[in-house]
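The values are calculated or read from the model by the stated rules, or taken from the named source; none is laboratory data. Being a predicted model, the structure only gives us computed values, none of them experimental. All Cβ positions, glycine included, derive from the backbone under ideal geometry; neighbour counts span all protein chains shown.
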Amino acid sequence: MEATDSRFKRFIFIIIDGAPYAIFKGLLENGDLPNIKKHVVDRGSLNKAVSVFPSTTGPAFIPFFMGLYPGTANIPGIRWLSKSDFHPPHRFKRPGVCSYMGIDGLRFEADLPTGFPTLFNFFSPVSNIYNLLTRGCPPAKNRTRWIKPFVYTYAHFSHRWRFVNQIATQQLYKAAETGDKFIMCLFPAVDTFSHQLNTQSPQVMQTYREIDTAIGHLIHILQKANTLQETLILITSDHGMTDTHTHIDVPQHLDDAGWRCLHYPKVWRQGAVSASMVSGNGMTNLYFKNTLRGNGWGARTPFEHLHQIGVITTLTELEGLGFVAGQSETGDIIVQNRTGQGRISCHAQDTSREDLQNVLTPLKGADPLRFSYQFTGIDPLGYGVYYKNLSPREALRETYNSPHPDGIVQLWQIFKSERTGDLVLSAESGYDLRARYEVPEHHATHGALIAEHLHIPLATNYPIAEQCIRSVDVFPTVLNLCGHTVAEQYIDGRIVK
């Protein structure tokens, strides 16, 4: 990254967990978010950005803070299984199986790749509020470090998530008054109320308005300290949401078809030959015991073999399943549903096929990756066009307003992770991929590779003209605006202006 003159000395980063672009934009236009409109959007811009696959809390935070896709960071979901480390579990150890929804959430940072800085490394002093990705943040500046487990547990059972947001608001004010140069504040209540009720319930709408009120008081604090002009404010979401009318029981379907399935919370099942690791309930990583090579779970099973033994046909029969994706023996990514099959291929300039899975796009110079896409039958991604030799940025622009925005690149990046399943499932809008053991029952879903889950608001008090933005672009763009550089780092994002 080229050195830049600093436009801003402070950065306040606010994530409204689970805020879809369309709902956020509608509230702005209806006058329900007057402070965000006046002090942020009217001074800068509101852009429709694209999150990542899987579009779920945890993996979708990595692009913002590290400039990496989940696949690059080897975090392919909030639940995953590492076939290279896995062996049949027992009641005291679960090697190779992870769920960040439970105690494993404490090791989220340990699972991230080393050697990559986060936003916290570029500012001092900093504050963190509720965000689970705290690498680079001094423990003493992680303002909710000790209370988060207790208030989240309390709110989960009492449904008092407004109380959790109120704590975030108070900590946000304190950090601003202290003068911290980088403040990260997560408001979780929109997501949790949406799951419990629906995406536009009165509780959800009230939560948006309360956040707007908090932004208004934050602006007053900055004005009083005469620091508003030097402060970059960015308000966004990690993913969108859709209301759910039907739950699909993928593990039961696999059990019935003869592939005994290990899944949460039944992670101690003996004799399992498959595993289902669901994220956001709209996306699932599926793993199969590798009978092809006779080496237990072993390496990733090729799509062709899973098709040959009937797995693909069995899955595509499921109503509400958008598509099944897997990796071909050739390294291509195959996408299939009931009506057609697509193939994503990638070549890298001056890079051998054996190295493709480890390619990290360099920040400087030309992007070496080129993507092609073709299909038979009815295009499962809905593009209806053959693409050849597209750069990642061209692939984004071509598919930006499609039913599966950025699907070509997003499906490619997720299979860069060795922890990604043999197959990845994505649900259609209105459906999710978990029918049991979700307490309370979820009435809204995210995680899938669909527009409603991927499109997120990006509101800044600095105008961004670029129309096609990925969440992974926030990291280098913010650093550029604040005068920081990422020397000799390999990241997936690009500066947008």
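List of remarks:
- Counted residues, the range 429-485 - those being of a type in the set (A, V, I, L, M, F, W, C) and not in a loop (DSSP other than H, G, I, E, B): 13
- Residue in the range 24-39 that is touching a residue at least 12 places away in the same chain (Cβ under 8 Å), buried (at least 24 other Cβ atoms within 10 Å of the Cβ) and in contact with a His (Cβ under 8 Å, 6 or more places away or on another chain) present: no
- Filter pass, residue 478 being surrounded by fewer than 21 Cβ atoms within 10 Å (Cβ to Cβ), under 20 Å from the mean Cα position of the chain (by Cα), farther than 30 Å from residue 277 by Cβ and not acidic (Asp, Glu): no
- Residue list for the range 481-497, filter: of a type outside the set (Asp, Glu) and either crowded, with 24+ Cβ neighbours inside 10 Å or free of Cβ contacts under 8 Å to residues at least 60 places away in the same chain (or both): 493, 496, 497
- The listed residues are 60, 19, and the only one of them that is crowded, with 24+ Cβ neighbours inside 10 Å, modelled with pLDDT of 95 or more and within 16 Å of residue 208 (Cα to Cα) turns out to be 19.
- Residue 461 satisfies every condition listed in (1) modelled with pLDDT of 95 or more; (2) farther than 19 Å from residue 12 by Cβ; (3) not aromatic (Phe, Trp, Tyr) except (2).
Residue by residue, here is whether (1) surrounded by fewer than 19 Cβ atoms within 10 Å (Cβ to Cβ); (2) modelled with pLDDT of 95 or more holds:
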site	(1), (2)
211	no, yes
215	no, yes
239	no, yes
251	no, yes
256	yes, yes
263	no, no
268	yes, no
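- All positions within the range 464-497 that are of a type in the set (Lys, Arg) and at pLDDT 95 or above: 470
- Per-region count, the range 399-427, residues farther than 19 Å from residue 450 by Cβ and either buried (at least 24 other Cβ atoms within 10 Å of the Cβ) or in contact with a Leu (Cβ under 8 Å, 6 or more places away or on another chain) (or both): 2
- Filter result (part of a helix (DSSP H, G or I) and either among the acidic types (Asp, Glu) or in contact with a Lys or Arg (Cβ under 9 Å, 6 or more places away or on another chain) (or both)) within the range 218-271: 219, 222, 250, 251, 252, 254, 255, 256
- Close Cβ contacts (under 7 Å, 6 or more residues apart or on different chains) running from residues in the range 91-103 that are over 14 Å from residue 420 (Cα atoms) and at pLDDT 65 or above to residues that are assigned to a loop (DSSP other than H, G, I, E, B) and of a type in the set (Gly, Ala, Ser) comprise 100/58.
- Condition check for residue 169: at pLDDT 95 or above, β-branched (Val, Ile, Thr), more than 23 Å from residue 55 (Cα to Cα) and surrounded by 15 or more Cβ atoms within 10 Å (Cβ to Cβ): yes
- Looking only at residues of the range 312-340 that are over 25 Å from the mean Cα position of the chain (by Cα) and outside any loop (DSSP other than H, G, I, E, B), we find that the one that is surrounded by the fewest Cβ atoms within 10 Å (Cβ to Cβ) is 313.
- Residue within the range 69-81 that is touching a residue at least 24 places away in the same chain (Cβ under 8 Å), surrounded by fewer than 20 Cβ atoms within 10 Å (Cβ to Cβ) and under 23 Å from residue 490 (Cβ atoms) present: yes
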